[in-house]
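Accompanying notes for the structure given below.
The values are calculated or read from the model by the stated rules, or taken from the named source; none is laboratory data. As the structure is a prediction and not an experimental result, all values here were calculated from the model. Because the Cβ atoms are built from the backbone with ideal geometry, glycine has one as well, and the counts that use them run over all protein chains shown. The accessibility values were calculated without ligands, DNA or RNA, using every heavy atom of the protein model including side chains. Shrake-Rupley method; radii C 1.70, N 1.55, O 1.52, S 1.80 Å.
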Amino acid sequence: YYYYYYYYYDQNNDGEQSLAEVIEAVFFRSVPFSKSNVPKKLAWKAGLIDTTAHSMNAYVRFTTVAAAKRACRKNGAVFNERTLRVDMAINAGRHDASKSVFVGNVPYDVDEEQLRRHFDVCGPITNVRVVRDRKTHLCTGIAYINFAERASVRAALELHDVPLAAAAVATTITTTTA
């Protein structure tokens, strides 16, 4: 599933060493398993991954900082109909809360792409984060949308009480700053 992501990088013809060749280790987190009563390690080895889930996290350790920075250039790229979030684990920049909104009353079965489609009319989105339950991997009812520009936040606030597609309830949207 996620190994295709590395093969995708491996197909560059720009003369640089492929990213697949400079990967030291890959760690998976937030893996949705189809059976929650089985210990995670055993479920992973048995391949009991819930294939209906739409997200999981992979942390990749590269052999060089330059390779990690090169991988970050793929942030926002669409792969297998999913928008990739690629950033440095040690990010020197601080989160700019003035460019993000809190979204409440989010349906439990929502995925990041649905929220991205709903808010993309507001302006360029840098990140969508759906807060999920650790065991069920379902949305807890809240999410955050980070925009590239502050003006997008004003546009997003205009979507307050506008229902998400296929959602029976309208979302609540506020800024993340007081």
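Numbers for the structure displayed
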| read-out | value |
| --- | --- |
| 5 angstrom amide H check on Asp111, placed H, neighbours 5+ away | none |
| Accessible-area order (highest first, 1.4 angstrom probe) of the listed residues Phe119, Phe33 | Phe33, Phe119 |
| Separation of alpha-carbon centers, the range 50-72 and the range 74-148, rounded to whole Å | 16 |
| Rounded accessible area per residue of the range 20-139, 1.4 Å, Å² | 66 |
| For His54, net neighbour charge (Lys/Arg +1, Asp/Glu -1) across residues whose Cβ lies under 9 Å away | -2 |
| With DNA, RNA and ligands ignored, accessible area of Tyr108 (1.4 Å probe; Å², nearest 10) | 140 |
| Label zone at Arg154, where the point sits 7 Å out along the Cα-to-Cβ direction: the range 113-128 residues whose backbone N lies under 16 Å | 122-124 |
| Long-range amide H partners of Asn127 with built H, under 5 Å | Asn146 |
